[in-house]
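Structure provided below as structure tokens; questions to follow.
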Amino acid sequence: MHPGLTDYGRYQIDQLKELVSIQAGDIVLVSPTRRTIETAEQLFPGRSYYVSPYVGPRMFPQNPELEALLCDVVYSRDEVLKQKRTHCIVDFMDTEWEADGINRIADKVFEEYAAQLLNWCKERARRVFVISHDGTITNYRIYLGEKGLTRKDFLGEAGMYTLTM
């Protein structure tokens, strides 16, 4: 239900370490899935980070007829808190987030959550690192104004995308 990193995934993280430099005051946001949390722990050892359903798996393009992938089932809030390290949680929902998280919610609802999360980030940090999923990153890119994106614009495995606001 919650697959972890593979040996190849750990290798990819070792490659990313050479490209990513985190500084005091930076925020790290992490999707509430096992493999993204493991990525954060390996990429930024000893560093605290925020887990948020707002950067969880999100289907792109949206298709309500498709089922969510098993590897995209998110940890519940309680499951996140039971992990090895102490995590902070960024969550504006009044109720427990669903196992689907933001994966298949309507675009309008996603946009409301995205606005809340981005405002929260702007109030706290100059730089934000997001460890998430291709579809999620693509949905945020569209929310931030990029036009005409397709699945061909996905970052691919262990891809990075830099946005300057």
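Do the conditions hold for residue 29, that is, is it of a type in the set (A, V, I, L, M, F, W, C), more than 11 Å from the chain's Cα centre (by Cα) and not in a loop (DSSP other than H, G, I, E, B)?
no
Could I ask something else about it? Quick one: how many residues across region 130-165 are buried (at least 17 other Cβ atoms within 10 Å of the Cβ) and part of a loop (DSSP other than H, G, I, E, B)?
Residues that pass the stated criteria total 2.
For residue 36, which of the numbered conditions (1) in contact with a strand residue (DSSP E or B) (Cβ under 6 Å, 6 or more places away or on another chain); (2) farther than 22 Å from residue 76 by Cα fails to hold?
All conditions pass for residue 36, except number (2).
While we're looking at this one, here's another question. Pairs, please: C-beta under 7 Å, at least 6 apart or cross-chain, first residue within 18 Å of residue 66 (Cβ to Cβ) and basic (Lys, Arg) and in region 95-110, second modelled with pLDDT of 90 or more and outside any loop (DSSP other than H, G, I, E, B)?
Going by the 7 Å Cβ cut-off, there are no qualifying pairs.
It is to be established whether one or more residues within region 56-79 are in a loop (DSSP other than H, G, I, E, B), polar (S, T, N, Q) and touching a Pro at 6+ places or on another chain (Cβ under 9 Å).
Yes, there is a match, as at least one residue in region 56-79 is in a loop (DSSP other than H, G, I, E, B), polar (S, T, N, Q) and touching a Pro at 6+ places or on another chain (Cβ under 9 Å).
Okay, moving on. So residue 38 passes all but one of these: (1) crowded, with 16+ Cβ neighbours inside 10 Å; (2) touching a residue at least 40 places away in the same chain (Cβ under 8 Å); (3) more than 11 Å from the chain's Cα centre (by Cα). Which condition number does it fail?
It is condition (2) that residue 38 fails.
Condition check: out of contact with any helix residue (DSSP H, G or I) (no Cβ under 6 Å at 6 or more places or on another chain) and either exposed (fewer than 15 other Cβ atoms within 10 Å of the Cβ) or modelled with pLDDT under 85 (or both). Does residue 63 satisfy that? Walk me through it before giving the result.
Values: out of contact with any helix residue (DSSP H, G or I) (no Cβ under 6 Å at 6 or more places or on another chain): yes; either exposed (fewer than 15 other Cβ atoms within 10 Å of the Cβ) or modelled with pLDDT under 85 (or both): yes.
Yes, satisfied.
The values are calculated or read from the model by the stated rules, or taken from the named source; none is laboratory data. Just so it is clear, the model here is predicted, and its values are computed rather than measured. Counting neighbours? That spans all protein chains shown, and the Cβs are built from the backbone with ideal geometry, glycine included.
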